[in-house]
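Engineer: Take this structure, written in structure tokens, and hold onto it; I'll ask about it next.
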Amino acid sequence: KARLEDLKTQPIDFLLIPNSRGHYQRSNAFVPLRAIRACRFNNPKENFSHLKPFFESILHDQLSFSGIPDSRFDPAELLFCLEGLLLCDQDAVEATLFDRVLNVLSEKQDTNAHWRPNRPFIASPTGYVVLPISVEGANSLMRSVKVMDEERTFDLFASKAAPLLRRFWSWLVAQSVRFEMGGKDCVGLHSEHVNEPDQIHLWDTSQV
């Protein structure tokens, strides 16, 4: 709770501290976005305009990376920054910028239907990493579309994003896990970062 309060006035860099195990939170958009959403849950009018440059800078970096083969482009990071920027300053995301993000995501689905995250939000010097899961990016996209379409009556972004989300959903269905345990049928999903046919991750399943 204290760190969420600090986020209202301090730059995001204060989040980048090691925990008791020496694991560092990385400078990406996932953790700040979750923190802002937690604060907004308690106070929808909370102002985070001072964090706008953080999300805006990484958003444009990711758009630049998207056009470079074998670059550091991370579609999930792009989506988290898009939502974060909308939460900080909705007017900062124009229709042309939102269209460009959707076009990039559409192009990337030609080779990766689920926009797999590759930038960890926790890492250690010995190589331990924790990455977001792709459905968190898809959910972020849906929330961003909702914000953009709130005051629109035509040419809705929901109609433009629908084909991308349908393809993502098809991938999710194919990844579903079904097995029997203790005489009960189990159905769910697990992180795309592992490949265990008899394992369900509750967080991934709940997000889906």
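Engineer: Name every residue in the stretch 167-196 that is open to solvent by 60 Å² or more (accessible area, probe 1.4 Å) and small (G, A, S), in order of residue number.
Structural biologist: Result: S170, A174, G182, G183.
Engineer: How many residues are in contact with a Phe, Trp or Tyr (Cβ under 6 Å, 6 or more places away or on another chain) and either of a type in the set (A, V, I, L, M) or on the phi > 0 side of the Ramachandran plot (or both) when one looks only at the stretch 86-120?
Structural biologist: Of the residues in the stretch 86-120, 1 are in contact with a Phe, Trp or Tyr (Cβ under 6 Å, 6 or more places away or on another chain) and either of a type in the set (A, V, I, L, M) or on the phi > 0 side of the Ramachandran plot (or both).
Engineer: Being over 20 Å from R119 (Cβ atoms) and modelled with pLDDT of 95 or more narrows it down to one of R152, R166, R178, so name that one.
Structural biologist: R166
Engineer: Please indicate, with yes or no, whether at least one residue in the stretch 197-205 is exposed (fewer than 15 other Cβ atoms within 10 Å of the Cβ) and either closer than 20 Å to K108 by Cβ or basic (K, R) (or both).
Structural biologist: Checking the stretch 197-205: not a single residue is exposed (fewer than 15 other Cβ atoms within 10 Å of the Cβ) and either closer than 20 Å to K108 by Cβ or basic (K, R) (or both).
Residue-by-condition table, conditions (1) over 15 Å from the mean Cα position of the chain (by Cα); (2) farther than 18 Å from V31 by Cα; (3) surrounded by fewer than 21 Cβ atoms within 10 Å (Cβ to Cβ):
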residue: C81; (1), (2), (3): no, no, no
residue: C88; (1), (2), (3): yes, no, no
residue: E94; (1), (2), (3): yes, yes, yes
residue: R119; (1), (2), (3): no, no, no
residue: I133; (1), (2), (3): no, no, no
residue: E150; (1), (2), (3): yes, yes, yes
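Engineer: Then there is this: S140 fails exactly one of the following numbered conditions: (1) modelled with pLDDT of 95 or more; (2) among the small types (G, A, S); (3) open to solvent by 10 Å² or more (accessible area, probe 1.4 Å). What is the number of that condition?
Structural biologist: Status for S140: all satisfied but (3).
Engineer: Shifting gears a bit: So N195 passes all but one of these: (1) among the polar types (S, T, N, Q); (2) at pLDDT 85 or above; (3) out of contact with any strand residue (DSSP E or B) (no Cβ under 7 Å at 6 or more places or on another chain). Which condition number does it fail?
Structural biologist: Here N195 meets the rest and fails (2).
Engineer: If you don't mind, another one. Could you list all residues from the stretch 54-79 that are out of contact with any Lys or Arg (no Cβ under 8 Å at 6 or more places or on another chain) and loosely packed, with under 15 Cβ neighbours inside 10 Å?
Structural biologist: Hits for the stretch 54-79 are S57, H60, S64, G67, I68, P69, D70, S71.
Engineer: Look through V135, V145, V187 and report the one residue that is touching a helix residue (DSSP H, G or I) at 6+ places or on another chain (Cβ under 9 Å), more than 22 Å from H201 (Cβ to Cβ) and at pLDDT 85 or above.
Structural biologist: V145
Engineer: Another one. Is it the case, given these coordinates, that L156 is surrounded by 13 or more Cβ atoms within 10 Å (Cβ to Cβ), over 17 Å from the mean Cα position of the chain (by Cα) and not charged (D, E, K, R)?
Structural biologist: Yes; evaluated as a whole, the condition is true for this residue.
The values are calculated or read from the model by the stated rules, or taken from the named source; none is laboratory data. All of these numbers come straight from a predicted model, not from anything done at the bench. No Cβ is skipped: glycine too gets one built from the backbone with ideal geometry, and neighbour counts run over all protein chains shown. Side chains are part of the model used for accessible areas, which takes the heavy atoms of the whole protein and leaves out ligands, DNA and RNA. Shrake-Rupley method; radii C 1.70, N 1.55, O 1.52, S 1.80 Å.
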